[in-house]
1. Being modelled with pLDDT of 95 or more, under 27 Å from the mean Cα position of the chain (by Cα) and either surrounded by fewer than 14 Cβ atoms within 10 Å (Cβ to Cβ) or of a type outside the set (Asp, Glu) (or both) narrows it down to one of Gly188, Gly257, Gly220, so name that one.
2. Among (1) in contact (Cβ under 8 Å) with a residue 60 or more places away in the chain; (2) surrounded by fewer than 24 Cβ atoms within 10 Å (Cβ to Cβ); (3) out of contact with any Lys or Arg (no Cβ under 6 Å at 6 or more places or on another chain); (4) under 30 Å from Ala221 (Cα atoms), which single condition is Glu154 missing?
3. Which members of region 260-295 meet the condition of being hydroxyl-bearing (Ser, Thr, Tyr) and more than 30 Å from Arg244 (Cβ to Cβ)?
4. Does Glu135 fit the bill of being surrounded by fewer than 24 Cβ atoms within 10 Å (Cβ to Cβ), modelled with pLDDT under 95, out of contact with any His (no Cβ under 6 Å at 6 or more places or on another chain) and at negative phi?
5. For region 63-85, which residues satisfy the criterion of being surrounded by fewer than 17 Cβ atoms within 10 Å (Cβ to Cβ) and either in a loop (DSSP other than H, G, I, E, B) or on the phi > 0 side of the Ramachandran plot (or both)?
6. Considering (1) closer than 30 Å to Leu96 by Cβ; (2) modelled with pLDDT under 95; (3) not in a loop (DSSP other than H, G, I, E, B), say which one Gly146 fails and leave the rest.
7. Among the residues of region 191-217, what is the count of those that are acidic (Asp, Glu), part of a helix (DSSP H, G or I) and surrounded by 14 or more Cβ atoms within 10 Å (Cβ to Cβ)?
8. Over 30 Å from Val248 (Cα atoms), modelled with pLDDT of 95 or more, among the charged types (D, E, K, R) and crowded, with 19+ Cβ neighbours inside 10 Å: does that describe Glu288?
Amino acid sequence: MFAIPTQRCKYRKPKTQNRKLLILFLALALATWGCRPSRQNPIVIFCSPDSPRMRQAIAGLQENLKDLPLKVVCAPASDRGIREQLRRARQLRPRLLVVLGTPALLQVAPVEKSTPVVFALVANPYFTNAAYAAEHPEDHQENVTGIASPPPLEAALKQGSGLLGSAPWGLLYDPTDGVAADLAQEFGQLAPRLGIKPLIEESRGAATDRPRLERLLARGARVIYLPPAASATRYAPLLLDWGRRRQVMVVSGYPEGPHRGALLWLALDYRRLGVETAALARRVLQGESPQTIPIAQMTPIIMEVDEKLLRHWSGYPPPRPVP
């Protein structure tokens, strides 16, 4: 018979290097587990750029989330400034990021893939990578949901035509301003459907604003629409002054600053948008997955009619506003 050799299994201590790697791995795992956002971590309201409309929305948010720890981080409009403030905001390990404004969402969507994100004050989220197609609002980044709030141009045209009839409307826009360019295109498409003849001029700077407005009048515009675009700030005082002097009827969608001189002022209600965003944020905080919540579209509006101007232009009592 042959003897079968046996082999003893001896316990060997791991090499020093292996022990160090194991300790490092465990330390990193514990650190990651310990830093996960908890109920004590803040809800960060991350916004850009700062503006009166932004502050109105934040006020609506704060009022309706006042029982929760909130931190507002508002970044300047430059890409570099937004990225730096976003880096600091993410270091807070927020339970939820509430992102306000298109510039802010453009920077957040590509880098934030785990923290839940609720966005608002974004006219068109479908080019930001946060959402993919307006025809499919349920199809969006898994950790993101929000509210799209396009400018209420259609409402302004409907209400304006109800008050003023089918007079030709003019619009001045700056093609280098993305919001203004989008509004000009929509204006040209929507106005004819409501029986309004659209007259459109473009101006790339303050030097040509007045001549192009005068050209609109020369072409027969009886109403000029003041769009809610940043470039409209250049010529808003002049146009509203013409409205006060009764040289032209002005319909304003510009949400900020005085609007005396506008026969009709119809703008987004940003405080109401803040309230609606707070309600959506609570749904996510209560455990609903952003992935299951389609992108909503909301355009709450504030409307005022200057009855003295309306009486001058169309008689009194005024026609009933379009519902």
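1. Details: Gly257 fails: modelled with pLDDT of 95 or more; Gly220 fails: under 27 Å from the mean Cα position of the chain (by Cα).
Answer to the check: Gly188.
2. Status for Glu154: all satisfied but (1).
3. We begin by selecting, within region 260-295, every residue hydroxyl-bearing (Ser, Thr, Tyr); these are 270, 277, 289, 292.
Result: Thr277, Ser289, Thr292.
4. On the way: surrounded by fewer than 24 Cβ atoms within 10 Å (Cβ to Cβ): yes; modelled with pLDDT under 95: yes; out of contact with any His (no Cβ under 6 Å at 6 or more places or on another chain): yes; at negative phi: yes.
Taking the combined requirement at face value, the residue satisfies it.
5. Within region 63-85, Lys66, Asp67, Leu68, Pro69, Pro76, Ala77, Ser78 meet the criteria.
6. So the condition that Gly146 fails would be (2).
7. Looking only at region 191-217, we keep the residues that are acidic (Asp, Glu), and these are 201-202, 209, 214.
Restricting the remaining residues to those that are part of a helix (DSSP H, G or I) gives 209, 214.
With the extra rule that they be surrounded by 14 or more Cβ atoms within 10 Å (Cβ to Cβ), the set shrinks to 209.
Number of matching residues: 1.
8. Values: over 30 Å from Val248 (Cα atoms): yes; modelled with pLDDT of 95 or more: yes; among the charged types (D, E, K, R): yes; crowded, with 19+ Cβ neighbours inside 10 Å: no.
In short, no.
The values are calculated or read from the model by the stated rules, or taken from the named source; none is laboratory data. These numbers were taken from a predicted model, which means no experiment stands behind them. Neighbour counts are summed over all protein chains in view; Cβ atoms, including those assigned to glycine, are modelled from backbone coordinates with ideal geometry.
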